[in-house]
Amino acid sequence: MIETNELKRRIYGKLDSLGLKDEKENIVFSFTSGRTSHLSDMEPEELISLLDRLSGNINNNDYLNYGKFDKNNKQHTYLLSMCMQLGWTVFNKNVQRNVADIVRLGRFIMHFGAIKKPLIEQSKQELQTTVYQFEQMVSKHFKK
């Protein structure tokens, strides 16, 4: 897992190499949809996403593969439910409602997951570890 300070350092370096150092606040403000203009207020997954965007390494297919799920697996659907509780949603035009953000789920599993394997490839025991990790996140989310 990459530490938050390391991510910030890399972002500053990338902005400098692109000649965008003076635009950092505007870039962060735009990237967070106006929530903040400071890297220190960004979530770790947002920092990773911003670094990917600045590096031109955005490949949502990699994250999508990590977040793919089996709709018949109760633990997978429980994880999707927890993503919704965390606010990790995207609007799906086909069903005309918000659904769990599979790309964000995959990004989290890839970079921060206790088990760094695609969801679909995790054994029952590994999946229990992933579920526990998400239960802890949801618990902390609602304690705020």
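All of PHE108, PHE142, PHE134 fail the test of being touching an Asp or Glu at 6+ places or on another chain (Cβ under 8 Å) and either outside the structural domain of GLN75 (by TED's automatic domain parsing) or within 23 Å of VAL90 (Cα to Cα) (or both), apart from PHE108.
Residues that are surrounded by 15 or more Cβ atoms within 10 Å (Cβ to Cβ) and small (Gly, Ala, Ser) were ranked within the stretch 40-85; the one that is modelled with the highest pLDDT is GLY67. Considering only residues of the stretch 86-116 that are under 22 Å from LYS143 (Cβ atoms) and exposed (fewer than 14 other Cβ atoms within 10 Å of the Cβ), which is farthest from the chain's Cα centre (by Cα)? Here the answer is ALA114.
Look at the stretch 115-144: where a residue is in a loop (DSSP other than H, G, I, E, B) and a partner is at pLDDT below 95, sitting 6+ places away or on another chain with Cβ atoms under 6 Å, you get PRO118/ASN65; PRO118/TYR66; GLN122/ILE115.
All conditions in (1) surrounded by 13 or more Cβ atoms within 10 Å (Cβ to Cβ); (2) under 26 Å from THR129 (Cα atoms) hold for PHE31, with the sole exception of (2).
The values are calculated or read from the model by the stated rules, or taken from the named source; none is laboratory data. Nothing here was measured: the structure is a model prediction, and the numbers come from that model. Note: ideal-geometry Cβ built from the backbone for every residue, glycine included; neighbour counts use all protein chains shown.
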